[in-house]
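Take a look at the structure set out below.
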Amino acid sequence: MASPDKLERSLSLTQATAINMIDMVGIGPFVTIPFIVSAMKGPQCILAWLLGALLAFLDGSVWAELGARWPQAGGSYVFLQNVYGNKKFGRMMSFLFVWQTTFQAPLVVASGAIGFSQYLNYLVPISSIEQKAISGALVIIITILLYRNIKSIGKISVLLWIITGGTFIWLIASGVRNFNPHWAFGFDKSSFDLSSMFFAGLGHASLKTVYSYLGYYNVCHLGGEIKKPEKNIPRAIFISVAGIAVLYLGMQIVIQGAMPWQKIAGSHFVISDYFAHIYNQQTAQVATGLILFIAVASLFAVMLGYSRIPYAAALDGNFFPAFGKLHPEKKFPYISLLVLGAFGFGFSLLFKLGDVINAIITMRIVVQFVAQAAGVLYWHRTRPNDIRPYKMWLYPLPAIFAIIIWLFILSKSAPELILASAVIIAAGIVVFYLFIWPRHKNKARSPVAI
């Protein structure tokens, strides 16, 4: 029987991969396709999906190495502190991650709920107020579903992924019989002019594709609940990225082969319109229902992973102690889950989907993705003989290229979002030096009880 203050290692490779993949899919690819096609102005938008897949593989190599070495709840919180050291700078970086997570994790939850309520409009015309009510109710329902032991969650996740994967296979297979190569690959001379406008469009489109790939690291947040984590965490990451990349690319190509890019760019319900074009309205309604189901499944995985981050920080003394409590019977961090659900509920009522997506990516790039990739390089240089159950292929190229791509995407973000992210980071540094670090110093100076 597990200790009351420890998580159970109950998730198999299959379950961990399923959780990762349903986290990655969600409503994202279905609502972002029109934005991506519009930004690139033609079938060359496939480049944005390829760039997103490349970044997921490169950054996934960083997560795989760190996750295999430190398989604990909290993911980046644990990684940043270990690679930069358990002193002032390492403590500050890990605190900044938790600090920005308190803002962006509820935004991620809200984005899934808002996307669900917007897509529901295809089936049932609803007002903007009703959309908000539905998105808020969905967050509450997912919180209730997650209020259980991790063993049952692992089994539920496999079932959710079977339905999600089956929907993608149906979507791709349906496009084969009505495929128009000219629409799918009708590039002209202006498609790849490599001007500043081209790279601006690629940057804006990549913001959306990267959002759709996010989640390949969710298994690291659940590191304390994965069986044989030194092997299964890297495997789950790369299987997830490879599988989702194939599905996304196949989906984009068959949709382009079924409709002109101008129609895709102007669609509010592109997948539903695609099925209506190929089959009929009734089939489109069934497909829409499956898309909504996928959105719910992804929200399920997202909230599961993020609820473990404040828990890890609280155990380490870097967050409010209440977040470190596990449910006495079901052995999961229930305080963390309930607070995440409460803030996700509030954000789903306040914000719009497009603003949320852009804010999520921009806010995380510096503190989490760039700092983590740079941390791997620092870790290798300062501790070359440290134990590494998994070492990334072609080191250090994946980490270096990941940093370059992340900074390129950041440069294409809206200036106001970059400024807001900088303000949040600066505020976090102030809070750390005023309240968190003094507490650690006082704790270190306290005499040890004998």
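The values are calculated or read from the model by the stated rules, or taken from the named source; none is laboratory data. What you see is a predicted model, and the numbers here were worked out from it, not measured in a lab. Cβ coordinates were reconstructed from backbone atoms using ideal geometry, including for glycine residues, and neighbour counts include every protein chain displayed. To get the accessible areas, we keep the full protein, side chains included, count just its heavy atoms, and leave off ligands, DNA and RNA. Shrake-Rupley method; radii C 1.70, N 1.55, O 1.52, S 1.80 Å.
Per-structure values
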quantity	calculated
Any hit, region 126-138, residues being part of a helix (DSSP H, G or I), polar (S, T, N, Q), open to solvent by less than 50 Å² (accessible area, probe 1.4 Å) and farther than 24 Å from residue 25 by Cα	no
Only listed residue being open to solvent by 30 Å² or more (accessible area, probe 1.4 Å), in a helix (DSSP H, G or I) and within 18 Å of residue 307 (Cα to Cα), chosen from 95, 89, 103, 79	103
Given (1) in contact with a Lys or Arg (Cβ under 8 Å, 6 or more places away or on another chain); (2) under 30 Å from residue 425 (Cα atoms); (3) basic (Lys, Arg), number of the condition residue 88 does not satisfy	(1)
Qualifying positions in region 357-371 - open to solvent by 10 Å² or more (accessible area, probe 1.4 Å), closer than 14 Å to residue 411 by Cβ, of a type in the set (A, V, I, L, M, F, W, C) and touching a Ser or Thr at 6+ places or on another chain (Cβ under 9 Å)	366
Index of the failed condition, residue 114 passing every other in (1) within 18 Å of residue 338 (Cβ to Cβ); (2) in a helix (DSSP H, G or I); (3) touching a residue at least 12 places away in the same chain (Cβ under 8 Å); (4) not polar (S, T, N, Q)	(1)
Neighbours by Cβ (under 7 Å, 6+ apart or cross-chain): first from region 222-234, outside any helix (DSSP H, G or I); second aliphatic (A, V, I, L, M) and modelled with pLDDT of 95 or more	226/233
Residue match in region 308-316 (condition: closer than 30 Å to residue 184 by Cα and either in contact with a helix residue (DSSP H, G or I) (Cβ under 7 Å, 6 or more places away or on another chain) or not in a helix (DSSP H, G or I) (or both))	no
All positions within region 9-60 that are assigned to a helix (DSSP H, G or I), of a type outside the set (A, V, I, L, M, F, W, C) and over 15 Å from the mean Cα position of the chain (by Cα)	14, 15, 34, 38, 43, 44
Identity of the residue in region 255-275, open to solvent by 10 Å² or more (accessible area, probe 1.4 Å) and touching a residue at least 12 places away in the same chain (Cβ under 8 Å), that ends up nearest to residue 123 (Cα to Cα)	269
